[in-house]
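The structure appears below as structure tokens.
Nothing in this text is a laboratory measurement; each read-out follows from the coordinates by a stated rule. All values derive from a computational prediction rather than experimental measurement. Ideal geometry is used to build each Cβ from the backbone, glycine not excepted, and the neighbour counts take in all protein chains shown.
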Amino acid sequence: MRYVYVILIAVLVTLTMIFSLQNLGSVTISFLSTSATLPLAVLVILVYAAGMVTGGSVLAILRSWIRRAGRRSS
């Protein structure tokens, strides 16, 4: 099963890289009073990385909650 996950991750990373390389135009992003202009490829990679970090954090929190719930019921 581990190999399936590795292959799935490799496919998703490959598709993300292909998408970002085909979209090299610049975009302007704004947040509060700050704005920045950067290539769309960089934005896609940053958003993808942020998603991995936050997704991993959510999974870690859920696992700890499940572990604690299991200890309380025993």
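In this label model, VAL53 and TRP65 are separated by 2.2 nm, measuring between points 7 Å along each Cα→Cβ vector.
With everything on Cα atoms, drop me the angle between helix 40-73 and the longest principal axis of the chain, reported from 0 to 90° to the nearest 10. Value to nearest ten degrees: 10. What residue among SER57, SER30, SER20 has the largest mean-square fluctuation in a Gaussian network model of the chain, using Cα springs under 10 Å? Of SER57, SER30, SER20, the most mobile in the Gaussian network model is SER30. All Cα-Cα separations within the chain were binned at 5 Å from zero, giving a P(r) of 3, 13, 13, 16, 16, 12, 10, 7, 5, 3, 1, 0, each value a whole percent of the pairs. Between the Cα long axis of helix 2-22 and the first principal axis of the chain there is an angle of about 20°, rounded to the nearest 10. Between ILE29 and VAL11, residue separation times 0.36 nm minus the direct Cα-Cα distance comes to 3.7 nm.
Scanning residues 5 or more positions from VAL27 or on other chains, those with amide H under 5 Å from its amide H are LEU38, LEU40, with H placed 1.01 Å from N in the peptide plane.
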